[in-house]
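Note sheet for the following structure.
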Amino acid sequence: MTVVPVHGAEVAHYGGASPAVARASLPERMQYAQTLAKSGLLPKSYYNAPQNLLLAIEMAEALGVHHMTAINGVHVVEGKPTLSAELMRALILRAGHRFDVEAFSSERVTVAVARRERPDAIQRFTYTIEDARRAKVTGKAVWQQHPGPMLLARASSTAARAVFPDVIAGMGFTPEELGAPVDHLGVPVVEVVAAPSSAGAILAGASAQPGPDGGDPQKIADRIAAATSVEQLHGIAAELYAAEQARALDPDDIARLREATTARADGLPAGQKALKRMHAALGELKLTADRDEKLEAVSNVIGRTVGSTSELTGAEADLVWRTAAAAVQDGGRAALLDPHGPDDTDHTADPAGEDVPDGVGVSDDELEQYAAGAR
């Protein structure tokens, strides 16, 4: 993390998402959230609320920030994720846009913003104490004690919604704007409960809704085999997690069904996230401009000819990404375009157990570093 000065104030410039958490399965994320929720160092909206933590982890991936940054800057108010004004400004600055605080007082705050592609198109947003009175918020203790920071938060979120909706991923309101009691930093001061969800109910220890199979392992296996989307498999994974916590299924059945879920997911068409990551790695090797060359490289890696990357399965897209990421680390792309070179007669397994051409293996740490940069 670096620190960017903005008219005397220091705004954090956050790094990328945590690849280890981003690549974890849904049950692993649930377990992580359940464990982390016990920490007394968490903001109150997350303490003993693993369902909120799980949502924050998902939001971190959407925003491209580390999940701990999201935990401190994303707050759930009545089921809706909100961003702190500080995190909004940090995301805008990280994206290379302009955000200046031109006037700051207990009566008026003005911010000047401009997108990096149009640096001369400066827009100014002012929020005054009179605006706050019309919004009927000046009676709150935090507004009476800290009017300046509260005016800055309102001006910041207004500017973010108007000019940078892509940067804030549509999360353009602060907790205070949605009615949550906050301190002068904009952090909720009382626990805010998320809207119920199936995953949230599981994480909170509530009784999970039974699946349509009534807990029969064979019927669960049939549902896994019939699944046509990763989202369906996520739902089944959540049911398996609940069954494990309630000791409702034999541990051997759970292990077998989880393996089947993973195998089925690998066989489904690659999702947009997997394809985007793969194309980013290929782009680093300059293999995206020429479509034929790109498809040749992809076909060489997966061992079959494809006419479009939309034909790839999730496992194949992951293998291409790992192989391309390794080639980036090695400084060349010969392994993808010339798979029958003199040094590739043998094969070795990469750290994740994938079979890749010898000489392009890469450690998990290197993959994580590359993935963080590609996001």
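Rule-based calculations on the coordinates, nothing more; no lab input. Quick caveat, the model's predicted, so the values are computed rather than measured. Positions of Cβ are backbone-derived with ideal geometry, glycine not excepted, and every protein chain shown enters the neighbour counts.
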Scaled to the compact-protein estimate 2.2 N^0.38 Å, what is the alpha-carbon radius of gyration of region 55-148, rounded to two decimal places? 1.26
With a Cα-only, solvent-free Debye model of region 2-178, what are the log10 I(q)/I(0) values at q = 0.12, 0.17, 0.19 Å⁻¹? -0.59, -1.08, -1.26
I129, I220, I122 arranged by Cβ crowding within 10 Å, fewest neighbours leading: I122, I129, I220
Give the order of W143, W321 when sorted by the count of other beta carbons within 10 angstrom, beginning with the fewest. W143, W321
Relative exposure of E130, E117, E316, E293, judged by other C-beta atoms within 10 Å (fewest first): E117, E130, E293, E316
